[in-house]
1. Which members of the range B:98-133 meet the condition of being of a type in the set (Asp, Glu) and either touching a helix residue (DSSP H, G or I) at 6+ places or on another chain (Cβ under 7 Å) or at the interface with another protein chain (Cβ under 9 Å from one of its Cβ atoms) (or both)?
2. Just give me the residues in the range A:57-72 being more than 12 Å from chain B (Cβ to nearest Cβ) and either in contact (Cβ under 8 Å) with a residue 12 or more places away in the chain or crowded, with 20+ Cβ neighbours inside 10 Å (or both), in sequence order.
3. Of everything in the range B:132-182, what is in a helix (DSSP H, G or I), more than 20 Å from the chain's Cα centre (by Cα) and surrounded by fewer than 21 Cβ atoms within 10 Å (Cβ to Cβ)? Give them in sequence order.
4. Looking at the range A:5-21, is at least one residue surrounded by fewer than 20 Cβ atoms within 10 Å (Cβ to Cβ), in contact with a strand residue (DSSP E or B) (Cβ under 6 Å, 6 or more places away or on another chain) and modelled with pLDDT of 80 or more?
5. How many residues are basic (Lys, Arg), touching a residue at least 24 places away in the same chain (Cβ under 8 Å) and over 22 Å from A:LEU171 (Cα atoms) when one looks only at the range A:73-105?
6. How many residues does the range B:22-41 contain that are assigned to a loop (DSSP other than H, G, I, E, B) and either at pLDDT 80 or above or facing another protein chain (nearest Cβ under 8 Å) (or both)?
7. Taking the criterion of being modelled with pLDDT under 90 and farther than 26 Å from A:SER78 by Cα, would at least one residue in the range B:42-60 satisfy it?
8. What is the one condition in (1) without any contact (Cβ under 8 Å) to a residue 60 or more places away in the chain; (2) within 23 Å of B:TYR95 (Cα to Cα) that B:LEU167 does not satisfy?
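The values are calculated or read from the model by the stated rules, or taken from the named source; none is laboratory data. None of these values were measured; they are calculated from a predicted model. Reconstructed Cβ throughout: ideal geometry from the backbone, glycine too, with neighbour counts over all protein chains shown.
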There are 2 protein chains.
Amino acid sequence: PSRLPGYATHQVGVAGQCPSFAQSNNFFVLFSGLIIQTKNAWKFPGGLSEPGEDIGDTATREVLEETGITSEFQALLSIRQQHGRPDAFGKSDLYIVCRLKPLSFRVSFCPHECLRCEWMALAALATAEEATPITRRVASLLLYGHREGFDKVDLTVRELPALHRGLSYKLYHRDLPELYEKMSAMD
Amino acid sequence: PSRLPGYATHQVGVAGQCPSFAQSNNFFVLFSGLIIQTKNAWKFPGGLSEPGEDIGDTATREVLEETGITSEFQALLSIRQQHGRPDAFGKSDLYIVCRLKPLSFRVSFCPHECLRCEWMALAALATAEEATPITRRVASLLLYGHREGFDKVDLTVRELPALHRGLSYKLYHRDLPELYEKMSAMD
């Protein structure tokens, strides 16, 4: 077989999840996720990466465009690979969910892209029938991280120098304890 | 701005790392990683995903082609995103490293794709100057996982049903404790 690479095989979609604490009407403090409703189901705000755009920047851009919430990238949470999606133009699809930190809280959603947008308690979202399976799973991941530490669920990022003429890249993996971090840190 | 998706923006490369225990000449048991040498440096065997191919299948296929080692997918370890690579035809590049379980151990490497191939002790690889920074980091991740449990570094996979006509997808994230797994498991 030819060893030459072909062409781009994947579109990359990125969703952002901004979990936050919020005061409910009943004076309970809820741990909430930011979600939008499309015709199918509740899901996280997100969209396709633009050429040259970093994963975290896609997430914060799409969250702002769809919900009006400003946010800051924290970590990757999950990656989905799917082939044969009818909306992927024959390409495969990678869908990455990021954990973001909200910097504003007032929702002002885009009516072209969603029917509703709200903060929903994550414990409710994790079991909501009208949410997609991936949305429920990520809600569970976030609840777990909220209760036992986000280090349990996060893939954090570091920027490293590339071999090619002054370029750099972003690398995502589990945090390393200091001992192991030092071992390989001759970057 | 247009809300229509464009076209595929990423090529996806996948490398497989088959850590294994091996008896050295000095009768020490080493924890080794499978690596190949290209003109630049030591690195993990790997290559580009073919259209429609799952990440784990790319990893095991490339490892077999380049090294002669058969293996089984275990988990994702890290994800790199890079823009502007000269060998990426103007597309962005995602490079994913998987943890594989070796099913054979005798190296029979492809002379078209590498100069040498061997099992190297991971503690040595984590500090090897002639290895790429990402190779050293993943070696550190694997040492950490070997000593304290691979659950500390792995993103494991589950297959879930897609919304689209009988399709399914693969979803990678940190393992959830049973309590949280059940919560969202109405998939």
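1. Those that are of a type in the set (Asp, Glu) and either touching a helix residue (DSSP H, G or I) at 6+ places or on another chain (Cβ under 7 Å) or at the interface with another protein chain (Cβ under 9 Å from one of its Cβ atoms) (or both): B:GLU113, B:GLU129.
2. Residues satisfying the conditions are A:ALA59, A:THR60, A:VAL63, A:THR67, A:GLY68, A:ILE69, A:THR70, A:SER71, A:GLU72.
3. B:GLU178, B:LEU179, B:GLU181, B:LYS182
4. Within the range A:5-21, none of the residues are surrounded by fewer than 20 Cβ atoms within 10 Å (Cβ to Cβ), in contact with a strand residue (DSSP E or B) (Cβ under 6 Å, 6 or more places away or on another chain) and modelled with pLDDT of 80 or more.
5. The qualifying residues number 1.
6. Of the range B:22-41, the ones assigned to a loop (DSSP other than H, G, I, E, B) are B:24-28, B:38-41.
Next, only the ones that are either at pLDDT 80 or above or facing another protein chain (nearest Cβ under 8 Å) (or both) stay: B:40-41.
Looking only at that region, the number is 2.
7. Within the range B:42-60, one or more residues are modelled with pLDDT under 90 and farther than 26 Å from A:SER78 by Cα.
8. Failed condition: (2).
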